[in-house]
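> First the structure, then my questions, so here it is.
The values are calculated or read from the model by the stated rules, or taken from the named source; none is laboratory data. What you are looking at is a predicted structure, and each value in this text was computed from that prediction instead of being measured. All Cβ positions, glycine included, derive from the backbone under ideal geometry; neighbour counts span all protein chains shown. With ligands, DNA and RNA removed, areas are computed over all heavy atoms of the protein, side chains included. Shrake-Rupley method; radii C 1.70, N 1.55, O 1.52, S 1.80 Å.
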Amino acid sequence: MNADAASPPRPSPLLLRRLLAMLYDLWPVLALWMLAAVPFTLLDVAASGNTHHNIAPYSPLQWLLWLCCWAVAGVYATASWKRGGQTLGMRPWRLHVRGADGTPSMGMLWKRYAIGTLSLLCGGLGFWWALFDRERLTWHDRLSNTRLVRLPKQE
């Protein structure tokens, strides 16, 4: 018997599906960011009295806005993962987040989100890692003890 035939097949990296799901999720997250930016814009207009300028780059208000947008996207992702295991962008690709030992906790999901953010800031290196990983896991899969699985087609 061939050694290749006896070994279980390697799981697919799901890399393209992950990236496409993130592209789909960009739209609801962008809408949430716009809503989150309204109070910051109104505060800036009230403070400066000028309605014809943007929030100053690298100002404390802009850093606070970026932090708020990161948190809003995190609430969207972690609440979706906790509630049904999927975000809106993951549904068409039948992707589902699971804990390695069952249902993931909110702490595990926030860890997944934070490490995924760092991975994206590193040029997506943590995502590309799945192409070389033995179990086809990304950095945030490994370090948060969660897994992204592809659900079978429903008939």
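> With point charges of +1 on the Cβ of Lys and Arg and -1 on the Cβ of Asp and Glu, referenced to the Cα centre of the chain, which listed residue (Asn145, Ala56, Val38) lies farthest in the positive direction of the dipole?
Asn145
> Using a 1.4 Å probe on the protein heavy atoms, what percent of the accessible area of the chain belongs to carbon and sulfur?
With neighbouring chains kept in place, the figure for the chain is 68 percent.
> Once ligands and nucleic acids are excluded and a 1.4 Å probe is used, how much of Ser48 is accessible, expressed in Å² to the nearest 10?
60
> So, one more: Match the structure shown to one of the listed values [x] 102; [y] 143; [z] 165 of volume of the Cα convex hull per residue in Å³, computed from it, and give that label.
[y]
> Right, something else. Using the Cα centre as the reference, give the magnitude of the dipole from point charges on the C-beta atoms of the chain (Lys, Arg: +1; Asp, Glu: -1; all else neutral), rounded to the nearest 20 debye.
480
> Related question: Helix 106-121 versus the longest principal axis of the chain: what angle, 0 to 90°, nearest 10, using Cα atoms?
80
> Between helix 60-84 and the chain, what is the angle of the helix's C-alpha long axis to the longest principal axis, kept within 0 to 90° and rounded to the nearest 10?
40
> Lys/Arg Cβ at +1, Asp/Glu Cβ at -1, dipole of the chain taken about the Cα centre: which of Leu20, Thr87, Val97 is farthest positive-ward?
The Cα lying farthest towards the positive end belongs to Val97.
> Another question, then. To the nearest 10 degrees, how steep is helix 15-48 against the longest Cα principal axis of the chain, on a 0 to 90 scale?
10
> Kindly rank 105-111, 84-90 from highest to lowest mean number of other beta carbons found within 10 Å of each residue.
Values: 105-111: 15.9, 84-90: 18.7.
Per-residue Cβ counts within 10 Å, averaged per peptide and sorted highest first, yield 84-90, 105-111.
> Per DSSP H run of n ≥ 4, the term is -39500 (n - 2.57); total these for the chain, divide by its residue number, and report the mean residue ellipticity at 222 nm rounded to 500 deg cm²/dmol.
Mean residue ellipticity, 222 nm, calculated: -19000 deg cm²/dmol.
> Tell me the per residue accessible area of the chain using a 1.4 Å probe; a whole number in Å² is fine.
Dividing the accessible area of the chain by its residue count gives 65 Å².
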